[in-house]
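The values are calculated or read from the model by the stated rules, or taken from the named source; none is laboratory data. Bear in mind the structure is a predicted one, so any value in this text is a computation, not a measurement. Note: ideal-geometry Cβ built from the backbone for every residue, glycine included; neighbour counts use all protein chains shown. Ligands, DNA and RNA are stripped out before the accessible areas are found, and what is left, the full protein with its side chains, is counted by its heavy atoms. Shrake-Rupley method; radii C 1.70, N 1.55, O 1.52, S 1.80 Å.
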Amino acid sequence: MDKPVTEELLDATQVAEILRLHPQTVRRLVREKRLTGHRLGTGAIRRRGLRIPRTAIDAYLNESAVA
């Protein structure tokens, strides 16, 4: 039986470091649906945060590359 593939999930700060952007810019890109992200938790006091798959970062970079 094959082992299930788990995708690396990064938070906004980690993605910001990779893309050399501010974390708020990363959150805005997710809000505008230009970058795929997943919200974890539903708590009013403490949400667990935003997680972005590594493949979404690669897709964003490929999409925004200048030819």
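Residues in the stretch 57-66 that are under 17 Å from Arg20 (Cβ atoms) and open to solvent by 10 Å² or more (accessible area, probe 1.4 Å): Asp58, Tyr60, Leu61, Asn62, Glu63, Ser64, Ala65, Val66.
Residue-by-condition table, conditions (1) outside any loop (DSSP other than H, G, I, E, B); (2) within 8 Å of the chain's Cα centre (by Cα); (3) modelled with pLDDT under 90:
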{"position": "Thr36", "(1), (2), (3)": "no, yes, no"}
{"position": "Ala44", "(1), (2), (3)": "no, no, yes"}
{"position": "Arg51", "(1), (2), (3)": "yes, yes, no"}
{"position": "Ala56", "(1), (2), (3)": "yes, yes, no"}
{"position": "Val66", "(1), (2), (3)": "no, no, yes"}
